[in-house]
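First comes the structure, then the notes that go with it.
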Amino acid sequence: MPLVLDASVACKWFIQDERTARADAVLDRIERGDPAYVPALFVWEIANVLLSAERSGRIESPDVEEALEALRDAPISVEPAGERVSGAVELQLARAYDLTVYDAAYLVTAFNVRGDLATADSQLAAAARDLGIATIELV
């Protein structure tokens, strides 16, 4: 079954005080060959999460670089945002479920690839379940 990864899950692989067995289990699935997808915004979102952790002293600069390199090398497909500015579906979902448009992009990606959504965000997980998207919650 394909997986869609929220940045809230991927950061748990690299920030020691956030590490969990459930997050590691998601990584194991990817390493065993389950297809993994992220929306294009994930690239900047995970970099920002790691930078914030660096600034707060929770991860060292070289570890941030290693984490980003590991993610670049991981078998995770980045779903393009599209060639034209739109975001209409994401905006509608964000309004309906009181999410950010960024979080709604994970819902759209999960729907498009027909995958499970792995997230540590309970509000995003609830929206996914309401839409019939299976979730792996790391809350």
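What are the residue pairs meeting all of these: first residue in segment 1-26, first residue within 19 Å of V113 (Cα to Cα), second residue among the polar types (S, T, N, Q), Cβ atoms under 8 Å, and 6 or more apart or on different chains?
The qualifying pairs are V4/T109; D6/T119; V9/T119.
Out of all the residues in segment 16-59, which are in contact with a Lys or Arg (Cβ under 7 Å, 6 or more places away or on another chain), in a helix (DSSP H, G or I) and farther than 14 Å from I136 by Cβ? Break it down into steps so the answer makes sense when it comes.
As a first pass, look at segment 16-59 and keep what is in contact with a Lys or Arg (Cβ under 7 Å, 6 or more places away or on another chain): 17-20, 23.
Filter once more, keeping what is in a helix (DSSP H, G or I): 17-18, 23.
Hits for segment 16-59 are D17, E18.
Could you check segment 28-77 and list, in sequence order, the residues that are under 14 Å from A7 (Cβ atoms), surrounded by fewer than 18 Cβ atoms within 10 Å (Cβ to Cβ) and free of Cβ contacts under 8 Å to residues at least 40 places away in the same chain?
Result: V43, W44, A47, N48, L51, S52, L68.
Filtering segment 104-133 down to residues that are under 22 Å from W13 (Cα atoms) and free of Cβ contacts under 8 Å to residues at least 40 places away in the same chain, which residue is surrounded by the fewest Cβ atoms within 10 Å (Cβ to Cβ)? I'd like the intermediate steps shown before the answer.
The initial filter retains those residues of segment 104-133 that are under 22 Å from W13 (Cα atoms), namely 105-107, 109-110, 115-125.
When the remaining residues are screened for being free of Cβ contacts under 8 Å to residues at least 40 places away in the same chain, the result is 107, 122-123, 125.
Details: L107: 25, S122: 12, Q123: 14, A125: 20.
In this case the residue turns out to be S122.
Could you tell me which numbered condition V89 fails, if it satisfies all but one of (1) touching a Leu at 6+ places or on another chain (Cβ under 6 Å); (2) at pLDDT below 95?
The single condition V89 does not satisfy is (1).
From the list R84, R58, exactly one residue is modelled with pLDDT under 95, over 14 Å from the mean Cα position of the chain (by Cα) and basic (K, R). Which is it?
Values: R58 fails: modelled with pLDDT under 95.
Checking each option against the conditions leaves just R84.
The values are calculated or read from the model by the stated rules, or taken from the named source; none is laboratory data. Quick caveat: nothing in here was measured; it's all calculated off a predicted structure. Please note: Cβ atoms are built from the backbone with ideal geometry, for glycine as well, and neighbour counts cover all protein chains shown.
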